[in-house]
Amino acid sequence: MTNIGPQIPPHLLNVINACSDEDKKDDDDSFYGPSLPPGFPSTENKVIGPSIPSHILKSINKDDSEEDDFIGPSLLTHNEDNVSNSEQVQKEIEQRAEAMKNKLLGKTEEVVERESWMLELPPSLSKNFGLGPRTFRANPVELGDRSVWTETPASREHKRKEREEAAKSGVLKKKKPIEIHQPSKDDIETQTRITEYNMQNRPQSLLEMHRSKQKSSDDSKIRRPFDREADLKLNRSNPKETAKFIESAKSFSDKFSGGSYEKKFL
């Protein structure tokens, strides 16, 4: 059959046929489910006007889907990775050269360290920290010098200089000796007269007088009728403890009768 009129060149005709074949394949791949009978009209929307070729539209949709699915920072490409590695190596070489230069010049790197007050406990707590009783104190306890909690390096240096100056000048604080008051001659004579008067007029103490009176009454015991409260009374005291208490009570007059000579006689 002979064609009459202008015709499409063969190389362009092959491109058009290839595009039409791809469109048919895309249409076949995108169709799912049962198809309509031949007599029913197609429900596909007809495109009016120029449209993007299918192969270009497919690549655009693919790029959009990849960009939508990607979340977070992107990884370095091969070229960027090489650049970052080279920069890191260059930085390390410069640091080593700087360290070697400082070592030759005698410069030492300043090491950042915590101050001693951050690492050590105060003297009042460093001895038995955490080993004391786990109860509340009934009486207040002297905690000593607590200025170490708030002192600064300047105040610590000031205290050290003060101690050195005091040690050099010999003006260290000393405890004041206790003055022992010696009794006067009049006090001794008064005490002697009081002792002689007590020996003459009061030779026995109240306890000795009570015992002698109780002993004399025990000698003249008479028979008496039964008394429930007196006879059934329980004696809970221990004789040994009673005797010990009485002996210790004899020294009360020695402990509490005499004071200092300066306030003893008015």
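The values are calculated or read from the model by the stated rules, or taken from the named source; none is laboratory data. A quick note: this is a predicted structure, and the numbers were derived from the prediction, not measured. Here Cβ is always computed from backbone atoms with ideal geometry, including for glycine, and neighbour counts include all displayed protein chains.
Structural remarks
- Among the residues making up the stretch 217-266, those that are modelled with pLDDT of 75 or more, closer than 24 Å to ARG202 by Cα and surrounded by fewer than 10 Cβ atoms within 10 Å (Cβ to Cβ) are GLU247, SER248.
- Contacts under 8 angstrom Cβ, first residue in the stretch 180-204 being assigned to a helix (DSSP H, G or I), partner of a type in the set (Ser, Thr, Tyr), 6 or more apart: ASP187/TYR261
- Condition check for VAL148: modelled with pLDDT of 70 or more and surrounded by fewer than 10 Cβ atoms within 10 Å (Cβ to Cβ): no
- The stretch 76-108: number of residues that are assigned to a loop (DSSP other than H, G, I, E, B) and either at pLDDT below 70 or closer than 30 Å to TRP149 by Cα (or both): 2
- When ILE178 is tested against (1) β-branched (Val, Ile, Thr); (2) under 30 Å from ARG163 (Cβ atoms); (3) modelled with pLDDT of 80 or more, just one condition goes unmet, and that condition is (3).
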